[in-house]
Amino acid sequence: MTDTRTPLLEVKDLEVAFRTQRGSVKALNGVSFTIEHGETVAIVGESGSGKSTTAAAIINLLPGTGQITNGQVLFEGQDLAKASRSQLEHVRGRGIGFVPQDPMSNLNPVWSVGFQVEETIRANGVATSPRDVKKKAVEVLKQAGLDDADKRMRQFPHQFSGGMRQRVLIGIGLSGDPKLLIADEPTSALDVTVQRRILDHLGTLTGDAGTAVLFITHDLGLAAERAEKLIVMYKGDIVEAGPSLEVLQNPLHPYTQRLIAAAPSLASRRIQGSEQKLGELKHDTETDAGSVDLITAAEERAEHLAANPSEPVIQIRDLTKVFKIRTGGFRSVDFTAVDKVSFEIPKGTTTALVGESGSGKSTVAKLLLGLESATSGSISVGGRDITTLNRRELFRLRRTMQPVFQDPYGTLDPLVNIGNTIAEPLKIHGVGDRDSRRDRVTELLEQVALPVELADRYPNELSGGQRQRVAVARALALKPEIIVLDEAVSALDVLVQAQILQLLAELQSELGLTYLFITHDLAVVRVIADNVCVMQKGRIVEQASTDEVFASPKEQYTRDLLDAIPGAGIKIGV
Amino acid sequence: MSSNTAPRRSADHFVAPVSETPVAAIDQVKLSGQRSNLWTDAWRDLRRRPLFWVSSIFILLFIVVALFPTLFTSVPPNAGCQLVDSNAGPSADHILGLTKQGCDVYSRIVHGAGASLAVGFIVIALSGITGAIIGSIAGFFGGWVDSVLMRLGDIFFSIPYILAAVVIMSVFSAYVNVFVVALAIGAFTWPSTARVMRSEVLRVKNSDFVMAGTALGQSRLALMFKHVLPNSIPPVIVVTTLSLAAAITAEATLSFLGVGLPSGTMSWGNDISAAQSDLRSNPATLIYPSLALTITVLSFVIFGETLRESLDPKARALR
Amino acid sequence: MVFYVIRRILQAIPVLIGTTFLIYFLVFAMPGNPVQALFGDKTPNPALLAELEKQYHLNEPFIVQYLYYLRDVVTGNFGVSFSGQSVNDVLARTFPVTARLALMAVVIEMVVGVTIGLVAGLRKGKLFDLSSLVISLLFLSVPIFVICFIGQFFLGFKLGWFRTTVGADASIPNLILPAIVLASSLVAINIRLTRGSVIETLNNDFVRTAYSKGLSRRRVIPVHVLRNSLIPVTTQLGADFGILLVGATVTEGIFNVPGVGNTLYQAIIRGERPTVVSFVTVMVLLYLVVNIIIDLIYAVLDPRIRYVK
């Protein structure tokens, strides 16, 4: 029945607005694009770009007060924006499948996994008799990659790992044999290696069935790697669209150019790329204040290092941390979070500690900061073993070593204004009087490129990136030598992330800081770190200079991590 | 369905005109005209809510009535009660009529406000503060201190507080006054405040800004007072306001059962209790004190709920 | 699940010991002869006095007295009431009536509260929602005895729809008015809780996912919204039971329902304190047992609890 000349999905001048207390706020200002049968399209954008709103608007499931105010969503010629409830219910599931973002919250915790697959099959009329429904459910789950599906049907979502749940959700999304699958950040909540396996699997399934796919993602690399067509969104508008490679290699809109320059996974391969290209890019975006380029930052750092060869300021030997985990009743088992970890950090350099969740990387940071006590091993900072310090010595040590944490929304006390937050370290350590402290706060705010007027404002007026800058300023207040950055940029949008990375690089060369950079994101490592330690299950499996690790990884696990960087397969800017 | 756009599935590369989609600076600081934090935001929100003002005005009114009853009535509540006037209807002198004993209903209501509010405020002063202290100690120390205090709270929580108060009041019937009644109620209501306080302290204690404080070398106690407690207080204020309302109801219930304030004390509960036998002949003597009681409790409940909706973002979403 | 049940019952033991000790301590730690003191200014029947002194082992040290008392409580021996009747006999007569009344009230609470709460939550901000909020706040604020009188006066006396007092015949039709009155404040609590719970559940990602799977609204609301919303509502039932016990005392007293609550009510207003202590103890035990049962229901409703360890 399908006419191959009409596109599968045609979105025309789509406008969406949300009602708020201060009137209606537009989230989409007239978005138009098409998806052909069997085509894979990706919408890329930062938070607030309207990419998820677009996905939700297509299946008419806008959250809260959102409403389509104008435009059409033509799915096989039928306008879903004006369709009745029962028409929509008919299209959802069997016409358009949906794979949501967060595997933890998208399965109902009170129903078994089998129940949730079976009800989908029944609702979409794939099978009707109880036996057929069950058979089909097992089949769907097996296809999605759950090998022991018939056994696990009766289990509940909390008994599955995140990756497994995402497989279930993919199975559910595909169980009605839809013509289009919308995947809204389907793997952002998962570890990179899991992410890669699941995306590969999804690609195979949809490829075999000829299903068209609409990816929604913040990750340019992922989008370019997985989709034939790219749509770049910015503040509710499509700013650029076209074939993926074409857009990446020849970005025409300044925003796209900026996004490509800031994406660590792409930038890292461009370091050896054409200088001329970079010059052009910079020229195009010169009018925009605050444009960032990671390459400059990386180069500056490299120059600085070459000029100052240095001795280790942190030496960690056989560091081990064992936690006791209670297993109900009165028993407990030992869990070795950090297992005989040894490494050194030369003064004025950055060492990245990379690993997936549960690898023990954050525990190392806490041990170094003296927030947890080590089970065995030694940590020496500036030649002194800190595991044997008394309280007074530890207090003095804290002046030389400061942390910046991951969550920008948890890192600042909401009831303390920015000025007092930054001045707090000075007060605790009795540095200066009120006036000199105020001067120092001003100086620090300027150092992290924030307006001085912020001093008497409160954190809730700031964005995530700005909060992280305040956290950096607080960390710098006591003029420390070492800063421990625990996933400090992981929660930020690409451009903001690049901006903070550049700030960190500038501060490092200005102040001669030593960084321990904890992250799960190998792509970021390449643009910020000099040395890399790869952690897996509490152990360091590989450590070397960044270039070595990227050029010739020795361990299979490191290779897996490298391969899993989205967009690793694409060559651009060469 | 044809359109003017170029053929599909081609390598067309679309770019929006930059003039229509200007690119802003990354992460620019945008400051509003007014400073804002949790408290100022909550206040700005509360200020706009009529229910907040209505309930505040009623609460203030009841407090003024309780403190200065003679401003509102010149008729003494007990003196001059004439049995001849028993159950007389409203008149110019006695706008709400008279009780069985021939006392002025309005005057008794005005003079009875004191007992209700006094019990309410003493209960929250005792159990609210005790609960908050016990909850913060449990949350702060954790471990066995936490276990012991919270199990103790469970025990007190497992006896419905009005039943507990009935037993206490039965035993102490010889010494009854406002304080004893408040004590009997408060002795068993502190665990609810303690639980809220403890969970808030635990939540705030685990936040990154407290960890950052530790990494700065701040002592645990200083962190507790500078960062943890101020951030834990808002929900406790809400719970305290609501338990004030519950305490007023509890006092009235005890007085109604005859184990509350002594029958000589002017109190709405006592008046309602005394009026029950005349329900059919003179319902006014029962309805007016009941109304006063209900409006007072309702005012505190609404005050507490609007406060919650302004202070707690989760509750705000329910609006 | 078995582990959970055992653990929950084990947890109840220290609470049982604690609560009984607390009650016992409140009553018997007083100086002088506590039994004599229990009678206040009333003159006890000497035979009853002797019986009570024997029941409470007054010649033993305090802690031994308490242990005897605990043994009695655990073995279901609650002694004699003020009039000399065995408490167990009184319970056997009155408990079925109270159980019937309480069950009726809980059914009304769940049916009316959950229905109104669900509709209000689904129609958040609409007229129905706002008026149900106002009414529930009102019922939450009116003390139970005032509601009793209002019900008695208007529904019973003025309109003549119900009997104003129940008396000896505690059949279900006669208990309707007391049950409605008893349920009123619980319904108010239930409406607010269900509404909040429904709104929170509606905001969950899995609800949107359920729609995206092609499920109809008729299926999503009961299966994915209401089912999940019932979990907090059920947990609240345990705490509500305390309100129910106090409410039953007042309601049975005012409507003269021949139940456990009425016995306690009469004992309180007559100042028969030994009876008060016995019946409060019985009610606290009941409260503990009901809370264990509700925690078990909670585990059935929420697999995350059931399968922990």
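The values are calculated or read from the model by the stated rules, or taken from the named source; none is laboratory data. Model, not experiment: these values are computed from the prediction. Please note: Cβ atoms are built from the backbone with ideal geometry, for glycine as well, and neighbour counts cover all protein chains shown. These accessible areas exclude ligands, DNA and RNA; they are computed on the full protein's heavy atoms, side chains included. Shrake-Rupley method; radii C 1.70, N 1.55, O 1.52, S 1.80 Å.
Key figures
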item	result
Total residues in region C:208-227, condition in a helix (DSSP H, G or I) and either touching a Pro at 6+ places or on another chain (Cβ under 8 Å) or open to solvent by less than 10 Å² (accessible area, probe 1.4 Å) (or both)	7
Helices (runs of 4 or more DSSP H) lying entirely in region C:228-309 (those with 3 or more residues that are under 16 Å from the mean Cα position of the chain (by Cα) and among the hydrophobic types (A, V, I, L, M, F, W, C))	C:273-301
C:Ala102 vs. criteria more than 14 Å from every other protein chain (Cβ to nearest Cβ), under 27 Å from C:Tyr287 (Cβ atoms) and modelled with pLDDT of 80 or more	no
Which numbered condition B:Gln218 misses (of (1) polar (S, T, N, Q); (2) open to solvent by less than 20 Å² (accessible area, probe 1.4 Å); (3) in contact (Cβ under 8 Å) with a residue 12 or more places away in the chain)	(3)
Where C:Ile147 falls short, out of the listed (1) part of a helix (DSSP H, G or I); (2) among the β-branched types (Val, Ile, Thr); (3) more than 10 Å from every other protein chain (Cβ to nearest Cβ)	(3)
Strands (runs of 3 or more DSSP E) lying entirely in region A:462-574 (those with 3 or more residues that are crowded, with 23+ Cβ neighbours inside 10 Å)	A:482-486, A:514-519, A:531-536
Selection count where residues are open to solvent by less than 30 Å² (accessible area, probe 1.4 Å) and either closer than 20 Å to C:Gly156 by Cβ or not hydrophobic (A, V, I, L, M, F, W, C) (or both), scope region B:285-304	8
Count of residues meeting criterion [of a type in the set (A, V, I, L, M) and within 14 Å of chain A (Cβ to nearest Cβ)] in region C:178-216	5
Filter result for the condition that a residue is surrounded by fewer than 17 Cβ atoms within 10 Å (Cβ to Cβ), part of a loop (DSSP other than H, G, I, E, B), over 21 Å from the mean Cα position of the chain (by Cα) and modelled with pLDDT under 85, over C:Gly84, C:Gly76, C:Gly125	C:Gly84
Filtered residue count, region C:231-269, keeping only those that are within 11 Å of chain B (Cβ to nearest Cβ) and free of Cβ contacts under 8 Å to residues at least 40 places away in the same chain	8
Filtered residues of region B:29-48 (kept if surrounded by fewer than 15 Cβ atoms within 10 Å (Cβ to Cβ), touching a Ser or Thr at 6+ places or on another chain (Cβ under 9 Å) and in a loop (DSSP other than H, G, I, E, B))	B:Lys30, B:Gln34
Pair list, Cβ under 6 Å, 6 or more apart: region C:65-88 residue among the hydroxyl-bearing types (Ser, Thr, Tyr), other residue modelled with pLDDT under 75	C:Tyr68/C:His57; C:Ser86/C:Val80
Close pairs (7 angstrom Cβ cut-off, 6 or more residues apart or separate chains): at pLDDT 85 or above in region A:142-158, part of a loop (DSSP other than H, G, I, E, B) and open to solvent by 10 Å² or more (accessible area, probe 1.4 Å) anywhere	A:Met153/A:Ser112; A:Arg154/A:Ser112; A:Gln155/A:Ser112; A:Phe156/A:Pro109; A:Phe156/A:Ser112; A:Phe156/C:Tyr307; A:Pro157/A:Pro109; A:His158/A:Pro109
C:Val260, sole failed condition from (1) crowded, with 24+ Cβ neighbours inside 10 Å; (2) more than 20 Å from B:Val166 (Cβ to Cβ); (3) touching a helix residue (DSSP H, G or I) at 6+ places or on another chain (Cβ under 6 Å)	(2)
Any hit, region A:223-237, residues being of a type in the set (Phe, Trp, Tyr) and either touching an Asp or Glu at 6+ places or on another chain (Cβ under 6 Å) or open to solvent by 20 Å² or more (accessible area, probe 1.4 Å) (or both)	yes
Any hit, region B:309-319, residues being touching a residue at least 60 places away in the same chain (Cβ under 8 Å), under 30 Å from A:Gly64 (Cα atoms) and surrounded by 24 or more Cβ atoms within 10 Å (Cβ to Cβ)	yes
Out of A:Ser32, A:Ser52, sole residue that is open to solvent by 30 Å² or more (accessible area, probe 1.4 Å), outside any loop (DSSP other than H, G, I, E, B) and either among the aliphatic types (A, V, I, L, M) or more than 12 Å from chain B (Cβ to nearest Cβ) (or both)	A:Ser52
Test for C:Gly167: is it out of contact with any Asp or Glu (no Cβ under 8 Å at 6 or more places or on another chain), in the same structural domain as C:Ile221 (by TED's automatic domain parsing), more than 28 Å from C:Asn228 (Cα to Cα) and free of Cβ contacts under 8 Å to residues at least 60 places away in the same chain	no
Selected residue (only one of B:Leu244, B:Leu229 is surrounded by 22 or more Cβ atoms within 10 Å (Cβ to Cβ) and touching a helix residue (DSSP H, G or I) at 6+ places or on another chain (Cβ under 9 Å))	B:Leu244
Among (1) part of a helix (DSSP H, G or I); (2) modelled with pLDDT under 90; (3) surrounded by fewer than 22 Cβ atoms within 10 Å (Cβ to Cβ); (4) touching a Leu at 6+ places or on another chain (Cβ under 8 Å) - the single one C:Leu175 does not satisfy	(3)
Count of region A:1-29 residues which are among the β-branched types (Val, Ile, Thr) and either surrounded by 15 or more Cβ atoms within 10 Å (Cβ to Cβ) or closer than 14 Å to A:Ile216 by Cβ (or both)	3
Sole exception among (1) within 13 Å of chain C (Cβ to nearest Cβ); (2) on the phi < 0 side of the Ramachandran plot; (3) in contact (Cβ under 8 Å) with a residue 24 or more places away in the chain for A:Ser86, by number	(3)
Flag for A:Arg154 being surrounded by 19 or more Cβ atoms within 10 Å (Cβ to Cβ) and more than 22 Å from A:Gln101 (Cα to Cα)	no
Test: B:Leu286 is at pLDDT below 80, farther than 24 Å from B:Ile122 by Cβ and within 8 Å of chain C (Cβ to nearest Cβ)	no
Given (1) facing another protein chain (nearest Cβ under 8 Å); (2) assigned to a loop (DSSP other than H, G, I, E, B), index of the condition B:Gln276 fails	(2)
So A:Gly383, is it at pLDDT below 90 and surrounded by fewer than 18 Cβ atoms within 10 Å (Cβ to Cβ)	yes
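Listed here are the residues, each with its yes/no results for (1) more than 7 Å from chain B (Cβ to nearest Cβ); (2) farther than 24 Å from A:Val496 by Cβ; (3) in contact (Cβ under 8 Å) with a residue 60 or more places away in the chain.
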residue: A:Met401; (1), (2), (3): yes, yes, yes
residue: A:Phe405; (1), (2), (3): no, no, yes
residue: A:Ile418; (1), (2), (3): yes, no, no
residue: A:Thr421; (1), (2), (3): yes, no, no
residue: A:Asp433; (1), (2), (3): yes, yes, no
residue: A:Asp439; (1), (2), (3): yes, yes, no
residue: A:Glu446; (1), (2), (3): yes, no, no
residue: A:Ala455; (1), (2), (3): yes, no, no
